[in-house]
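Undergrad: Quick one: the structure is below, questions incoming.
The values are calculated or read from the model by the stated rules, or taken from the named source; none is laboratory data. These numbers were taken from a predicted model, which means no experiment stands behind them. No Cβ is skipped: glycine too gets one built from the backbone with ideal geometry, and neighbour counts run over all protein chains shown. In case anyone asks, the SASA skips ligands and DNA or RNA and just uses the protein heavy atoms, side chains included. Shrake-Rupley method; radii C 1.70, N 1.55, O 1.52, S 1.80 Å.
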Amino acid sequence: MRQDTTQTTPFELVYGRTATLPVEIEIQTYSTEPITEENFQRTLLRKTYNLIETLENTQQRAANNIQKSQEKQKERHNNQLPEKPVEFKIGDKVLLHCIKAEKQ
């Protein structure tokens, strides 16, 4: 399930690809090239490089999405704050909340 903040799944952030369900493993797929040791090594190397590149891109995209989300949250929070902070003068009465007294 995609996370709202990162716009990706945790599995994709860790492994750089979408998760494969057990049912998908049972579906037979056929290779277009005959499998030889050389083809296997070349294919494995190509998939490894592709996975590393995809993982870096996915993590960078997630980091950018997190940054955007944090900026939106900050903006929403700042919009809820009063424009001018309350200024107290000496002698003003204020409500004091003491947490230590509550715990005892």
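Undergrad: I'm checking a number: the convex hull volume of the Cα atoms of segment 50-103, normalised per residue, in Å³. What is it? Let's see the in-between values first.
TA: Values: hull volume 9.1 nm³, N = 54.
Dividing the Cα hull volume of segment 50-103 by its residues yields 168 Å³.
Undergrad: To continue, here is another question. What residue among 69, 86, 52 has its Cα farthest toward the positive end of the dipole of the chain, where the charges are +1 on Lys, Arg and -1 on Asp, Glu, each on the Cβ?
TA: 86
Undergrad: What is the gain in length, in nm to one decimal, between residue 20 and residue 86 on full extension, counting 0.36 nm per residue of separation less the C-alpha to C-alpha distance?
TA: Working: separation 66, 0.36 × 66 = 23.76 nm, distance 5.61 nm.
Length difference between fully extended and current span is 18.2 nm.
Undergrad: Counting only protein heavy atoms and using a 1.4 Å probe, what share of the accessible area of the chain belongs to carbon plus sulfur, as a whole percent?
TA: Heavy-atom surface of the chain belonging to carbon and sulfur, 1.4 Å probe: 55 percent.
Undergrad: If each of residue 93 and residue 77 carries a label point 7 Å out from its Cα toward its Cβ, how far apart are those two points in nm?
TA: For residue 93 paired with residue 77, the spin-label model returns 3.3 nm.
Undergrad: If you bin every alpha carbon distance in the chain into 5 Å steps from zero, what whole percent lands in each bin?
TA: Going from the shortest bin to the longest, the percentages are 2, 9, 9, 10, 11, 10, 8, 7, 7, 6, 5, 4, 4, 3, 3, 2, 1, 0.
Undergrad: Calculated from DSSP H runs of 4 or more alone, at -39500 (n - 2.57) each and per residue, what is the 222 nm mean residue ellipticity of the chain, nearest 500? Present the calculation step by step, with values, prior to reporting the outcome.
TA: Working: 4 runs with 60 residues, N = 104.
Counting only the DSSP helices, I get -19000 deg cm²/dmol.
Undergrad: Let me ask another. Rolling a 1.4 angstrom probe over the protein chains, ignoring ligands and nucleic acids, what is the accessible area of residue 5 in square angstrom, nearest 10?
TA: 60 Å²
Undergrad: Sort the following peptides by mean Cβ neighbour count (other Cβ atoms within 10 Å, averaged over residues), highest first: 69-76, 80-87.
TA: Details: 69-76: 10.8, 80-87: 6.2.
Peptide ranking by packing, descending: 69-76, 80-87.
Undergrad: In addition: Just to be sure I follow the definition: excluding the sites themselves, where is the longest run in the chain that has none of the chymotrypsin sites (Phe, Trp or Tyr not before Pro) in a DSSP loop with at most 13 other Cβ atoms within 10 Å? Each step should come with its number before you reach the end.
TA: Values: sites that count: 30, 88.
Between the exposed loop sites, the longest stretch runs 31-87.
Undergrad: Express in nm, to one decimal, how much length is gained between residue 27 and residue 46 on full extension, taking 0.36 nm for each residue of separation and deducting their alpha carbon distance. Mind dumping the intermediate values first?
TA: On the way: separation 19, 0.36 × 19 = 6.84 nm, distance 2.32 nm.
4.5 nm is the gain from fully extending residue 27 to residue 46.
Undergrad: Let me spell out the model: positive unit charges on the Cβ of Lys and Arg, negative unit charges on the Cβ of Asp and Glu, origin at the Cα centre of the chain. What dipole size does that give, in debye rounded to 20?
TA: Numbers: 15 positive and 15 negative charges, 147 e Å.
In debye, rounded to 20, the chain gives about 700.
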